[in-house]
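A.B. asks: Take this structure first; my questions come after.
The values are calculated or read from the model by the stated rules, or taken from the named source; none is laboratory data. Values in this document were obtained by computation on a predicted structure and should not be read as measured data. No Cβ is skipped: glycine too gets one built from the backbone with ideal geometry, and neighbour counts run over all protein chains shown.
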């Protein structure tokens, strides 16, 4: 009975926090919009309804929500053991780039789609995972703060994207910008109507993350280390190993996200992707994860809501000439408020 | 000789950026506030400082605006942390995102899109007679006033932390805030002061990028230097006299990589651009045994 009441109050306080978060989000954005002299009601309506007014808006939202989901996981899983993986961006770029490298290299072999697509996704998963593992390793072995190492790796990955997109082997000679050749048809993933097929992998990832975290020993170890390091070490959990595994899983998910972007959305590596939408997913992945306080189970919904705001922000810029930066900087303010509320009134809420 | 002198001269320009930024980080770090928002502060100050300098026509007002913008960020960081005990790293990350959004936003609002980019007024140079004729040494001293400001800031903060009683007390807060509190030091007030002063120094570093180095604004101008400054502060074991050495090393790598990029066509230039970031990690691995941290850095303190 006590257990049941505990759950009830947990759900209630979470509802209050998320409710407050949404109200705050809209409030802060409204203030910025009003200060700059735009029509607040129209801006809010555009921001919230663009995703649902047309099938184009909805499919855009789903297209953004999928990579955002993976970027959010990339931060969330290491955050469960209190480490900051700022490298979701870099891991996504590295996973995506390696996918294109392998895809273009194997392209001439003419392998069927059923072999190519899973293989390339695996390349994305593994390379993203290994790229993050590097940061986990530097922490476990040399005690280097992952905030620093993942940020440095981000910039390294960015240069790597640039290197591949401009290299003579992969570059498309007909393009003025650094863009690689297009992947062969058998490497690409299709669409259900306007919804990208990558949604299947997003759903699978959501289920697998749930199962790992709730039903396996590994998930238990990660949760235990996050709650109480000393106790978990006494229990025999290897801290260094847990760090590295958590970073690997986070990076692997980011890498998968990058891979899906390449196979399902772009079909090639575009250098500009790194600085525009790619960077956006990296940043908003962190913010989304902070909103849900590192609770992996709440990630899908939060990522979708964040994606609604992102699509709305693009539309604000297009239709009302409101700079997108307003929405971005409001997000940072909102997350700060949510963290304060949680710190202050939500002790023990996970 | 002339080549070495001019090489050192451009290294010193970037040394100023790195050193000021890491100095700002280590000053607040000494009281236990780990400021990871450097990148966001530099971006916001680069934009605000440039706009102020451009609109007023005065380099000084530009740097003042940059410093004030930095102080504003420092105030948010320390206020939210001290009042609500929110994790400093989370706050720092939020402020980085806030700063990068703010920098583009205010530039767009004030300047908008123009055919030719506006140019900042000149920053005065100080040429010391006679000494400036000596090769190599000339590279260190034939510089604008902000480079001298950096020399001064390093010397003053070294003197403050190691030669004054208040400095010793301030370092004590970083090591053990409870003990400092017991002997009557106002921990919270020191943290406010250190974070605000430190952040405004980071703001000067940001303003220096736009007002003096590029003389114009472009998005994402600090390009990760605010993050590398964290690495330098750690490498320097939070000591001002070592921060300038760290700043020099990374500036050297950056300028050197840039020169190589022009000279060499065998190795793709992207690898030279990666070099500064990879060196941060390599240097931290090599020097990890010599790195000391203020014991309380990053941790909240409340009387309980």
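Let's see how each residue does on (1) modelled with pLDDT under 95; (2) more than 11 Å from chain A (Cβ to nearest Cβ); (3) not in a helix (DSSP H, G or I):
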| position | (1), (2), (3) |
| --- | --- |
| B:45 | no, yes, no |
| B:71 | no, yes, no |
| B:83 | yes, no, no |
| B:86 | yes, no, yes |
| B:89 | yes, no, no |
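A.B. asks: Does residue A:100 satisfy the condition of being crowded, with 24+ Cβ neighbours inside 10 Å and either outside the structural domain of residue A:301 (by TED's automatic domain parsing) or part of a helix (DSSP H, G or I) (or both)?
C.D. replies: Numbers: crowded, with 24+ Cβ neighbours inside 10 Å: yes; either outside the structural domain of residue A:301 (by TED's automatic domain parsing) or part of a helix (DSSP H, G or I) (or both): yes.
Yes; evaluated as a whole, the condition is true for this residue.
A.B. asks: With B:230, B:244, B:283, B:262 as the choices, which residue is surrounded by fewer than 19 Cβ atoms within 10 Å (Cβ to Cβ), in contact (Cβ under 8 Å) with a residue 40 or more places away in the chain and part of a helix (DSSP H, G or I)?
C.D. replies: Values: B:230 fails: surrounded by fewer than 19 Cβ atoms within 10 Å (Cβ to Cβ); B:244 fails: surrounded by fewer than 19 Cβ atoms within 10 Å (Cβ to Cβ); B:262 fails: in contact (Cβ under 8 Å) with a residue 40 or more places away in the chain.
Within the list B:230, B:244, B:283, B:262, the selection yields B:283.
A.B. asks: Considering every residue within region A:290-299, establish whether at least one is crowded, with 21+ Cβ neighbours inside 10 Å and within 10 Å of another protein chain (Cβ to nearest Cβ).
C.D. replies: Narrowing region A:290-299 to residues crowded, with 21+ Cβ neighbours inside 10 Å: A:290-292, A:296, A:299.
Among the residues that remain, those that are also within 10 Å of another protein chain (Cβ to nearest Cβ) are: A:290.
Yes.
A.B. asks: Let me ask another. Could you tell me whether any residue of region A:294-303 is in the same structural domain as residue A:65 (by TED's automatic domain parsing) and farther than 23 Å from residue A:20 by Cα? If you could, list the steps in order and put the result at the bottom.
C.D. replies: Quick first cut of region A:294-303, residues in the same structural domain as residue A:65 (by TED's automatic domain parsing) only: A:294-303.
Within this subset, residues satisfying the condition of being farther than 23 Å from residue A:20 by Cα are none.
Checked against the condition, which is being in the same structural domain as residue A:65 (by TED's automatic domain parsing) and farther than 23 Å from residue A:20 by Cα, region A:294-303 yields no hits at all.
A.B. asks: What number of residues within region B:206-227 satisfy the criterion of being within 28 Å of residue B:30 (Cα to Cα) and crowded, with 24+ Cβ neighbours inside 10 Å?
C.D. replies: Of the residues in region B:206-227, 8 are within 28 Å of residue B:30 (Cα to Cα) and crowded, with 24+ Cβ neighbours inside 10 Å.
A quick yes/no check of all residues on (1) within 13 Å of chain B (Cβ to nearest Cβ); (2) at pLDDT 95 or above; (3) under 30 Å from residue B:297 (Cα atoms); (4) surrounded by fewer than 24 Cβ atoms within 10 Å (Cβ to Cβ):
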site	(1), (2), (3), (4)
A:46	no, no, no, yes
A:57	no, no, no, yes
A:76	no, no, yes, no
A:87	yes, no, yes, no
A:104	no, no, no, yes
A:109	no, no, no, yes
A:149	yes, no, yes, no
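A.B. asks: Would you check if residue B:253 is within 16 Å of residue B:227 (Cβ to Cβ), crowded, with 20+ Cβ neighbours inside 10 Å and more than 9 Å from every other protein chain (Cβ to nearest Cβ)? Let's see the steps before the verdict.
C.D. replies: On the way: within 16 Å of residue B:227 (Cβ to Cβ): yes; crowded, with 20+ Cβ neighbours inside 10 Å: yes; more than 9 Å from every other protein chain (Cβ to nearest Cβ): yes.
Judged against the criteria, residue B:253 is a match.
A.B. asks: Spot the failing condition for residue B:177; the list is (1) surrounded by 24 or more Cβ atoms within 10 Å (Cβ to Cβ); (2) closer than 23 Å to residue B:60 by Cβ; (3) modelled with pLDDT under 90, and only one is missed.
C.D. replies: Tallying (1) surrounded by 24 or more Cβ atoms within 10 Å (Cβ to Cβ); (2) closer than 23 Å to residue B:60 by Cβ; (3) modelled with pLDDT under 90, residue B:177 fails exactly one: (2).
A.B. asks: Okay, next question. Could you identify the single residue in A:257, A:294 that is on the phi > 0 side of the Ramachandran plot, touching a residue at least 12 places away in the same chain (Cβ under 8 Å) and either outside any helix (DSSP H, G or I) or within 14 Å of the chain's Cα centre (by Cα) (or both)? Quick ask: steps written out before the conclusion?
C.D. replies: Values: A:257 fails: on the phi > 0 side of the Ramachandran plot.
Sole residue among the options that is on the phi > 0 side of the Ramachandran plot, touching a residue at least 12 places away in the same chain (Cβ under 8 Å) and either outside any helix (DSSP H, G or I) or within 14 Å of the chain's Cα centre (by Cα) (or both): A:294.
A.B. asks: For residue B:262, state whether it is modelled with pLDDT under 85, more than 19 Å from the chain's Cα centre (by Cα), farther than 30 Å from residue B:167 by Cα and within 14 Å of chain A (Cβ to nearest Cβ).
C.D. replies: Numbers: modelled with pLDDT under 85: yes; more than 19 Å from the chain's Cα centre (by Cα): yes; farther than 30 Å from residue B:167 by Cα: yes; within 14 Å of chain A (Cβ to nearest Cβ): no.
For residue B:262, the condition - modelled with pLDDT under 85, more than 19 Å from the chain's Cα centre (by Cα), farther than 30 Å from residue B:167 by Cα and within 14 Å of chain A (Cβ to nearest Cβ) - is not met.
A.B. asks: Have a look at B:105, B:193, B:115 and point out the one that is over 21 Å from the mean Cα position of the chain (by Cα) and under 30 Å from residue A:290 (Cα atoms). Lay out the reasoning, then the answer.
C.D. replies: Working: B:193 fails: over 21 Å from the mean Cα position of the chain (by Cα); B:115 fails: under 30 Å from residue A:290 (Cα atoms).
Testing whether each residue is over 21 Å from the mean Cα position of the chain (by Cα) and under 30 Å from residue A:290 (Cα atoms) leaves just B:105.
A.B. asks: Kindly indicate which of B:294, B:268 is away from every other protein chain (no Cβ under 11 Å) and surrounded by 15 or more Cβ atoms within 10 Å (Cβ to Cβ). Reasoning before the result, please.
C.D. replies: Working: B:268 fails: away from every other protein chain (no Cβ under 11 Å).
Answer to the selection: B:294.
A.B. asks: Test of understanding: among B:232, B:278, B:286, which residue is within 13 Å of chain A (Cβ to nearest Cβ), over 27 Å from residue A:164 (Cα atoms) and at pLDDT 90 or above?
C.D. replies: B:232
A.B. asks: If you don't mind, there's one more thing I want to ask. As an exercise: evaluate residue B:128 against (1) in a helix (DSSP H, G or I); (2) more than 30 Å from residue A:294 (Cα to Cα); (3) without any contact (Cβ under 8 Å) to a residue 60 or more places away in the chain; (4) more than 8 Å from every other protein chain (Cβ to nearest Cβ) and give the number of the one condition it does not meet.
C.D. replies: Of the numbered conditions (1) in a helix (DSSP H, G or I); (2) more than 30 Å from residue A:294 (Cα to Cα); (3) without any contact (Cβ under 8 Å) to a residue 60 or more places away in the chain; (4) more than 8 Å from every other protein chain (Cβ to nearest Cβ), the odd one out for residue B:128 is (1).
A.B. asks: Among the residues of region B:95-125, write down those that are free of Cβ contacts under 8 Å to residues at least 40 places away in the same chain and within 14 Å of another protein chain (Cβ to nearest Cβ). Break it down into steps so the answer makes sense when it comes.
C.D. replies: Taking region B:95-125 and keeping what is free of Cβ contacts under 8 Å to residues at least 40 places away in the same chain, we get B:101, B:105, B:108-109, B:112-116, B:125.
Once the filter is applied, which keeps residues that are free of Cβ contacts under 8 Å to residues at least 40 places away in the same chain and within 14 Å of another protein chain (Cβ to nearest Cβ), region B:95-125 yields B:101, B:105, B:108, B:109, B:112, B:113.
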